[in-house]
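The values are calculated or read from the model by the stated rules, or taken from the named source; none is laboratory data. Small disclaimer: the values here were computed from a predicted structure and weren't measured. Heads up, the Cβs are rebuilt from the backbone with ideal geometry, glycines too, and the neighbour counts pull from every protein chain shown.
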Amino acid sequence: MEKIASFTVNHLNLLPGVYVSRKDHIGAETLTTFDLRMTRPNFEPVLNTAEVHTIEHLGATFLRNHPEYKEKIVYFGPMGCRTGFYLILAGDYESKDVVELIKEMYVFCRDFEGEVPGQAARDCGNYLDMNLPMAKYVSGKYVEVLENIKDNQLVYQP
């Protein structure tokens, strides 16, 4: 079998950032998948499931209510390796096009107060596995990355 594209990225050189992971064409529509890399793979600890789950709920709520992008959101969810998230948008985008959106979302997560949307047994299959304080902490660290993002954190490096 051929190695899929995401396994050809050198994860030893991958820094936290916002990367175009792939572009898919379905009819006339382009879907852009972003790699929202929050931690440096194989160098930093991975995110725990509780904060990942919390960010998933907060991020999806933010994105699907965003005045400009809500109709373009196809998917937002965690990477299996727990070093970040994938965001799929309808449209042909580059990483620099969405940095402000991603920053807005993670500021929302960092500053969120109150009950996490969907954190109830009737709304979620694992509602007890959430950690808002840690979600806020790791979101804040990622906001720092986004506020000072460099070109090598926007395009995969060999």
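Out of Y69, Y142, Y106, I need the residue that is under 15 Å from V18 (Cβ atoms), touching a Ser or Thr at 6+ places or on another chain (Cβ under 8 Å) and at pLDDT 95 or above. Which one?
Being under 15 Å from V18 (Cβ atoms), touching a Ser or Thr at 6+ places or on another chain (Cβ under 8 Å) and at pLDDT 95 or above holds for just one of Y69, Y142, Y106, which is Y106.
List, please: which pairs have Cβ atoms under 7 Å, are six or more places apart or on different chains, and start with a residue in the stretch 119-139 that is more than 13 Å from A50 (Cβ to Cβ) and end with one that is buried (at least 16 other Cβ atoms within 10 Å of the Cβ)?
Matching pairs, first to second residue: S139/I55; S139/Y106; S139/C109; S139/R110.
Only one of these is crowded, with 20+ Cβ neighbours inside 10 Å, of a type in the set (V, I, T) and in a strand (DSSP E or B): V18, V98, V52. Name it.
V18
Determine which member of the set L63, L47, L58, L87 is surrounded by 16 or more Cβ atoms within 10 Å (Cβ to Cβ) and within 22 Å of V155 (Cα to Cα).
Going through L63, L47, L58, L87 in turn, the sole match is L87.
Residues in the stretch 30-51 that are in contact (Cβ under 8 Å) with a residue 40 or more places away in the chain and closer than 27 Å to D151 by Cα: how many?
Number of matching residues: 13.
List, please: which pairs have Cβ atoms under 7 Å, are six or more places apart or on different chains, and start with a residue in the stretch 64-77 that is under 15 Å from L36 (Cβ atoms) and end with one that is β-branched (V, I, T)?
These pairs meet every condition: V74/I88; Y75/I88.
Please state which one of G118, G59, G125 is at positive phi and modelled with pLDDT of 95 or more.
G118
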